[in-house]
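Taking it in order: structure first as structure tokens, then the write-up.
The values are calculated or read from the model by the stated rules, or taken from the named source; none is laboratory data. Only a predicted model underlies this, so the values are computations on that prediction, with no experimental measurement involved. Counting neighbours? That spans all protein chains shown, and the Cβs are built from the backbone with ideal geometry, glycine included. Please note that ligands, DNA and RNA were not included when accessible areas were found on the heavy atoms of the full protein model with its side chains. Shrake-Rupley method; radii C 1.70, N 1.55, O 1.52, S 1.80 Å.
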Amino acid sequence: MSAYHHTSPPHHASSSRSSPHVLVAHDVGLLVIRLGVGLIVAARGAQHLFGWWGGLGIDNTARFFEKFGYPAPKFMAVVAGIADTFGGLGLAVGLLTPLAGAAVAGTMANAVDVIWPLGYFSGIEFPLLIGVGAAGLALSGPGRIAVDALIPGLRSHRVIYGVVMLLIAAVLAAITIGIRD
């Protein structure tokens with residue numbers, strides 16, 4: 001037998017845990033992470049867009065974007081609010097997970113850049129953690145408890161989907177950061 005020959009472990013028909021319809025800890029864990037990251041980001045995006053839950057609303061968010069040197073601050077605030085709101089909701093329900101994760105990771109990259117001059121323990125931890133979590137979900141996929149699991153083209157998540165989406169998000173985030181004053 002060749003050193004490159006791979007044999008899979010024997011499949012035991014009596015093992016109910018190996019059945020494709022049985023949820024595994026991995027799926028449940030991804031659901032918990034998706035709900036946590038997704039709903040936190042979606043709520044924050046809704047604060048920026050609509051002023052819900054004591055948020056700033058789009059006009060005041062635009063003023064902050066202007067203060068941080070973003071050109072066309074209202075447009076940028078709308079883009080960030082939409083990316084966070086709908087990217088977060090996409091993560092929460094597991095819909096277009098690589099795109100949703102990349103959208104959230106891209107906006108968090110901008111948040112990290114804005115806070116970076118203040119130092120690590122001055123608030124940078126939150127957007128950094130959310131961005132890393134969103135990027136991880138873009139790469140791992142949503143698990144089987146997700147809308148993506150019902151869509152034939154997305155059912156079999158491929159890591160390349162996440163890699164491509166994250167590369168696009170990284171380029172767009174770099175451009176956005178680069179055009180700040």
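For residue 68 and residue 23 in the same chain, what is the full-extension length gain: residue separation times 0.36 nm, less their Cα-Cα distance, in nm?
Details: separation 45, 0.36 × 45 = 16.20 nm, distance 4.54 nm.
That works out to 11.7 nm of additional length.
Of 137, 95, 149, which is farthest on the positive side of the dipole of the range 41-180, counting Cα position, with +1 on Lys and Arg Cβ, -1 on Asp and Glu Cβ, and the Cα centre as origin?
149
With θ taken as phi - 60° and the coefficients 6.51, -1.76 and 1.60, list the Karplus ³J(HN,Hα) couplings across the range 60-75 in order, rounded to whole Hz; mark glycine and proline as x.
6, 5, 4, 4, 5, 4, 5, 4, 8, x, 7, x, 6, x, 5, 4
Given the -39500 (n - 2.57) contribution per DSSP H run of 4+ residues, what per-residue ellipticity at 222 nm results for the chain, rounded to the nearest 500 deg cm²/dmol? Don't skip to the end; give the middle numbers.
Details: 7 runs with 117 residues, N = 181.
About -21500 deg cm²/dmol.
Go through 30-37, 114-121 and give me the packing order, highest mean Cβ count within 10 Å leading. Please report the intermediate quantities before stating the final value.
Details: 30-37: 18.9, 114-121: 11.9.
Descending mean neighbour count gives 30-37, 114-121.
Taking all protein chains in place and a 1.4 Å probe, what share, in percent, of the accessible surface of the chain do carbon and sulfur account for?
Exposed carbon and sulfur together represent 72 percent of the surface.
Take the Cα pairs of the range 47-121, get the Kirkwood Rh, then feed it into Stokes-Einstein at 4 °C and 1.567 mPa s and tell me D in µm²/s.
Values: Rh = 12.9 Å.
Using the Kirkwood radius from Cα pairs, D works out to 100 µm²/s.
What value in Å³ per residue do you get for the convex hull of the alpha-carbon atoms in the chain?
Details: hull volume 29.1 nm³, N = 181.
Cα-based convex hull of the chain, divided per residue, equals 161 Å³.
What list of ³J(HN,Hα) couplings, whole Hz, do you get for the range 167-181 from phi and the Karplus terms 6.51, -1.76, 1.60, once you set θ to phi - 60° and write x for glycine and proline?
5, 4, 4, 5, 5, 5, 5, 5, 5, 4, 5, x, 8, 5, 5
Work out, step by step, the length gained on full extension between residue 150 and residue 177: first 0.36 nm times the residue separation, then minus their alpha carbon distance; give nm to one decimal. Let's see the in-between values first.
Values: separation 27, 0.36 × 27 = 9.72 nm, distance 3.63 nm.
Roughly 6.1 nm would be gained on extension.
Under a 1.4 Å probe, what is the accessible area of the range 51-181 per residue, stated in Å²? Please report the intermediate quantities before stating the final value.
Numbers: 6970 Å² over 131 residues.
With the other protein chains kept in place, the range 51-181 gives 53 Å² per residue.
Binning at 5 angstrom from zero up to the longest distance, how are the C-alpha pair distances of the range 78-174 distributed in percent?
Histogram of Cα-Cα distances, whole percents per bin: 3, 16, 24, 23, 16, 10, 5, 2, 1, 0.
What length, rounded to one decimal in nm, is gained on full extension from residue 125 through to residue 163, with 0.36 nm per residue of separation minus their alpha-carbon distance?
Working: separation 38, 0.36 × 38 = 13.68 nm, distance 2.34 nm.
Full-extension gain reported as 11.3 nm.
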